[in-house]
Amino acid sequence: MEKTKKFLLPEKEIPTQWYNIVADMPTKPMPMLHPGTKQPLKPEDLYPLFSRAASDQELNETDAWIDIPEEVRDKYRIYRSTPLVRAYGLEKALDTPAHIYFKNESVSPVGSHKLNSALAQAYYLKQDGITNVTTETGAGQWGTALAFASRAFGLELAVYMVKVSYEQKPYRRSLMQTWGAQVIASPSMSTKAGRKILTEHPNYQGSLGTAISEAVELAMQTPNCRYALGSVLNHVALHQTIIGLEAEKQMEMAGEYPDIVIGCFGGGSNFGGISFPFMRHNILNGKKTRFIAAEPASCPKLTHGKFQYDFGDESGYTPLIPMFTLGHNFSPANIHAGGLRYHGAGTIVSQLLKENRMEAVDIKQLDSFEAGVLFARCEGIVPAPESCHAIAAAIREANIAKEEGKKKTILFNLSGHGLVDMSAYDQYLSGNLINYAMTDEEIQKNLDRIETLV
Ligand SMILES: *Cc1c(COP(=O)(O)O)cnc(C)c1O
């Protein structure tokens, strides 16, 4: 019998609800704190920044299932369901008894999973009567997703793009402009935060922290304008659970259930997205699936960071978040997996890691690209540099299964494709890439500076 390679859901089987794991967690994450009063955050504290629905979802601890608005589901149908694929080629190359599956989020129009939350956030803003939205983008993936989502729901978007990326990644900028967004290199003269930095350091190449400050400032000062964030926060992970909910049905079509679920880890949204729906069966039904977050060795908050209250941004504008962090002043090396260069982790995943309900591994840059190139040669898809981390972790587990002579079922999320990141592959293939690692002393030095926030 011919073996099935790819599993897709009929449109009517696309999930109608997202899954909110917090409702099922026996121990809830510690509360986020207002940066001024240090009191637990209330939804109203978030209304000036985000949509009402996203603010309410952010702090929802009671509803396990949240309806996906019909209008959002309608846009999801442009690219969902995304394929669940059995990686026969990779299995053969590794000569492993493991069965390897990947969920292919790279098929979205923007090339990554980020559109799943961008569409929801843009829809809710439109519902609130908002006309304008701002955001920041580092490597450009989130800005691209929000550009398409804003267009889809008729919002005007301004994206502050870290200047060095603006210049080095012109095609992401063109994508955002194609969908009608205004893209501004950050730091810029359009905000107080930007002007201050530019007058002090005229050649400053920008950082995510500065871009966040600029986007937040513009949103606060513009009538009818809000801000949107592409990772870290609970409502973002909630929207991403569409990935795991689809995968659950598709694994059933394949007649299997995963022993191991893997996602690369920036702020935790794609990892949470693929993991949480399966983790609910660990929590509620005694399943023993392992969950592995794959982070870069150069930005190892889960494997080498510390659990404590910290700010989500460099400037200290955001609420205090209880999380695994390297310190909000941490400035990660300029690796190509731009989407993984973030100092902290979301509150839900931080709590889950603390309780050992999940694991984390750190992957060196060269190992990630080696895995990505092998995957491309076996399966055809050139993975995003971020996704290469998940692939490297999956390969490790498949090799362990081989050593132990055990059949394991491994599922990983392919969070995006790398077709706009070919300059990174160029560097890898020509031998010009290097590894970056942090010493524990360096990490500790940075953490010492944030010891007394709460
Ligand atoms: C942004 C991004 C990530 C990391 O973000 P998470 O919120 O941790 O998922 C991973 N992969 C791709 C392709 C991205 O664009």
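The values are calculated or read from the model by the stated rules, or taken from the named source; none is laboratory data. Predicted model, so just to flag it, every value in this text is computed and none were measured. Heads up, the Cβs are rebuilt from the backbone with ideal geometry, glycines too, and the neighbour counts pull from every protein chain shown. Calculation scope for accessible area: heavy atoms of the full protein, side chains included, ligands and nucleic acids excluded. Shrake-Rupley method; radii C 1.70, N 1.55, O 1.52, S 1.80 Å.
Placing +1 at every Lys and Arg Cβ and -1 at every Asp and Glu Cβ, with all other atoms neutral, what dipole size does the chain have around its Cα centre, in debye to the nearest 20?
Magnitude of the dipole: close to 500 debye.
Just how large is the dipole of region 9-116 about the Cα centre, in debye to the nearest 20, putting +1 at every Lys and Arg Cβ and -1 at every Asp and Glu Cβ?
I would put it at about 300 debye.
Extension gain Leu419-Lys42, at 0.36 nm per residue separation less the Cα-Cα distance, in nm?
Computed gain between Leu419 and Lys42 is 131.6 nm.
Take Tyr342, Tyr317 and sort them by solvent-accessible surface of the protein heavy atoms, 1.4 Å probe, largest at the top.
The ordering from most to least exposed comes out as Tyr317, Tyr342.
When ranked by the protection proxy of mean other Cβ atoms within 10 Å per residue, highest first, what sequence do the peptides 153-163, 290-300, 91-101, 19-29 form?
The peptides rank, most packed first, as 290-300, 153-163, 91-101, 19-29.
For Glu256, Glu58, write out the residues from largest to smallest accessible area, computed with a 1.4 angstrom probe and no ligands counted.
Accessible-area ranking of Glu256, Glu58, largest first: Glu256, Glu58.
If you plug each phi of region 236-246 into the Karplus form 6.51 cos²θ - 1.76 cosθ + 1.60 with θ = phi - 60°, what whole-Hz ³J(HN,Hα) values come out, in order, with x for Gly and Pro?
So the Karplus estimates, Gly and Pro as x, are 5, 4, 4, 4, 6, 5, 4, 5, x, 5, 5 Hz.
Just to confirm my numbers, what's the Cα centroid distance between region 375-454 and region 182-224 in Å?
31
Lys406: which lysines have alpha carbons under 28 Å from its alpha carbon, excluding same-chain residues fewer than 8 sequence positions away?
Those lysines meeting the cut-off are Lys3, Lys5, Lys6, Lys92, Lys103, Lys249, Lys287, Lys288, Lys364.
Carbon and sulfur together cover what percent of the accessible area of the chain at a 1.4 Å probe radius? Please report the intermediate quantities before stating the final value.
Details: 8910 of 17740 Å².
With neighbouring chains kept in place, the figure for the chain is 50 percent.
In terms of the Cα gyration tensor, with a ≥ b ≥ c the square roots of its eigenvalues, is region 191-250 rounded because a/c is under 1.5, prolate because a/b exceeds b/c, or oblate?
oblate
Could you work out the relative contact order of region 203-333? I mean the mean sequence separation of Cα pairs under 8 Å and 6+ apart, divided by the number of residues, in percent.
Working: 165 pairs, mean separation 25.7, N = 131.
Across region 203-333, relative contact order equals 20 percent.
Taking the dipole about the Cα centre of the chain, with the C-beta of Lys and Arg at +1 and of Asp and Glu at -1, give me whichever of Gly36, Ala158, His113 is farthest to the positive side.
Projecting each Cα onto the dipole axis, the largest value belongs to His113.
Apply the a/c threshold of 1.5 to the C-alpha gyration tensor of region 1-135 and tell me whether it is rounded, prolate or oblate.
prolate
DSSP beta bridges in the chain, what fraction antiparallel, as a percent rounded to 5?
35
Please state the equivalent ellipsoid semi-axes for the chain: what are the square roots of 5 times the Cα gyration tensor eigenvalues, largest first, in whole Å?
Taking √(5λ) for each eigenvalue gives 32, 24, 23 Å, largest first.
So what does Arg357 come to for accessible area, using a 1.4 Å probe and Å² rounded to 10?
Arg357 exposes around 80 Å² with every protein chain in place.
Mind checking the per residue accessible area of region 76-188 for me, 1.4 Å probe, whole number of Å²?
30
For the chain, what does the helix formula give at 222 nm: sum of -39500 (n - 2.57) over DSSP H segments with n ≥ 4, over the residue count, nearest 500 deg cm²/dmol? Please report the intermediate quantities before stating the final value.
Details: 18 runs with 189 residues, N = 454.
Calculated mean residue ellipticity at 222 nm is -12500 deg cm²/dmol.
Could you work out the relative contact order of the chain? I mean the mean sequence separation of Cα pairs under 8 Å and 6+ apart, divided by the number of residues, in percent.
19
Roughly how many Å is it from the Cα centre of region 129-160 to that of region 289-360, as a whole number?
A separation of 24 Å, based on Cα centres.
Throw me the Rg/Rh for region 215-271, computed over C-alpha atoms with Kirkwood Rh, two decimals.
1.21
Just want the answer: with Cβ charges of +1 for Lys and Arg and -1 for Asp and Glu, which residue in Thr439, Ala360, Phe412 is farthest toward the dipole's positive end in region 349-443?
Phe412
FRET efficiency for Asp24 and Gln127, Cβ-Cβ distance as r, R0 = 30 Å, nearest 0.05?
0.65
Under the classification rounded if a/c is under 1.5, otherwise prolate if a/b is larger than b/c and oblate if not, where does region 233-391 fall, given a ≥ b ≥ c as square roots of the Cα gyration tensor eigenvalues?
oblate
Once you keep just the Cα pairs under 8 angstrom separated by 6 or more residues, what percentage relative contact order results for region 147-269?
It rounds to 19 percent for region 147-269.
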